[in-house]
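Reading through the structure tokens given below for one structure.
The values are calculated or read from the model by the stated rules, or taken from the named source; none is laboratory data. What you see is a predicted model; the values in this text were computed from it and never measured. Virtual Cβ from ideal backbone geometry, glycine too; neighbours counted across all protein chains shown.
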Amino acid sequence: MSQTITLTQQAEPATLILKNPVQQPPTDDYRYSHLLPHFSQDRYPPLTPFNHTDPGLRALEHPNPRAFLQNATSVVEITPRLGTEVHGVNLAELDSDARDEVALEVARRGLVVFRGQEDFMNRGPEFYKSFGEHFGRLHIHPTSGHPEGFPEIHLVYRDANSTFNYERDDAITSTVWHSDVSYELQPPGLTTFFLLSQPATGGDTLFTSQVSTLKKLSPPFVAFLRTLTAVHSGIEQADFSRSGKRGATVRREPVENIHPVVRRHPVTGEEALYVNRQFTRRIVGLKREESENILRFLFDHIDKSGDNQARLKWQPGTIALWDNRITAHSAIVDYADSKERRHGARITPQAERPLPALEGLKLE
């Protein structure tokens, strides 16, 4: 059964004994050394439920819900089904109404990429937090590194000597599709991510539209999927850290929660497939072989549906905003041999508990 617990931002620190010494990234003359991964030994209690109101709902009442794009120099759809690239808009200068409009645009397009955002990046972690808090309560990741003093900022980091990411090297591919921390009772909605340092080539991020992957399936099969729920688990991720990897830190005990296999977006009303290879473990109520075969089919469908995917090639000053409710993504670790640094920051507001596409579907 799922543990129906969610998030709280307050925690009592406690001493945590680590299995292995924690390797720290180098602090040279790197411009963003103050944002390098820190692995505090604080412990956090279980997350608690909260009421979430999506800011995109407010934008629906605006005379022009896309007014934030009025001064853009370029607005281009990355693919027909997923993603928009924007030039000429400074995210750091957007007011509250414009941020609401961004939330609506991200909900409609799944992914919105803003180029030329050095101003935003250079404002630092306090600003990152205030920006993210507009979209929901910020999630504190249970195992990842964060800038010292800013646990709300999730970091990814790899350089020539170390990696502090949730990566495995025992597979033939580094592609692992996921929706961030989908094991939480109230997983993230709109997410902001950017690279502070990146390799000269490689290190791209793949995205897929879970709205489109669902639409590719036959109506009778979709009707069946709407009746199903699945367990999403954070246990494997926690065990990875407990083994001494990443930062050897588990600040909050892992949870499992039950979510609908097909969810409905609270703003657009669109239905989306909501399973992912990284965190979805089994379908509730089915025999093991039945669950495994259905999930394997869905995971393969997500993996192979190139016509539903977009590939983001990072450039300095790029910020990506995506909606975790209707997309999945995967980092591409193809740059390891170059020994170059890839250092990213993620601002992760939580959203509502996933809404079933089938009205009345029980989630307990």
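See the values below:
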read-out: From R281, R296, R346, R311, residue being more than 30 Å from V86 (Cα to Cα), within 20 Å of the chain's Cα centre (by Cα) and of a type in the set (D, E, K, R); value: R281
read-out: Among the residues listed as V262, V255, V284, V250, the single one being crowded, with 18+ Cβ neighbours inside 10 Å, more than 28 Å from H38 (Cα to Cα) and of a type in the set (V, I, T); value: V262
read-out: Test: residue in the range 298-312 that is in contact with a strand residue (DSSP E or B) (Cβ under 6 Å, 6 or more places away or on another chain), buried (at least 23 other Cβ atoms within 10 Å of the Cβ) and either at pLDDT below 95 or polar (S, T, N, Q) (or both); value: yes
read-out: Residue in the range 97-117 that is of a type outside the set (K, R), surrounded by fewer than 18 Cβ atoms within 10 Å (Cβ to Cβ), closer than 22 Å to L60 by Cβ and in contact with a His (Cβ under 7 Å, 6 or more places away or on another chain) present; value: yes
read-out: Test: residue in the range 231-245 that is modelled with pLDDT of 95 or more and in contact with a Leu (Cβ under 9 Å, 6 or more places away or on another chain); value: no
read-out: Identity of the residue in the range 25-48, loosely packed, with under 15 Cβ neighbours inside 10 Å and in contact with a Ser or Thr (Cβ under 7 Å, 6 or more places away or on another chain), that ends up modelled with the lowest pLDDT; value: T27
read-out: Candidates L190, L196, filtered to the one that is more than 15 Å from the chain's Cα centre (by Cα) and in contact (Cβ under 8 Å) with a residue 24 or more places away in the chain; value: L196
read-out: Residue check for A272: farther than 23 Å from G360 by Cα, in contact (Cβ under 8 Å) with a residue 60 or more places away in the chain and aliphatic (A, V, I, L, M); value: no
read-out: Qualifying residues in the range 55-64 (those that are over 13 Å from T268 (Cα atoms) and not polar (S, T, N, Q)) - the one surrounded by the fewest Cβ atoms within 10 Å (Cβ to Cβ); value: P63
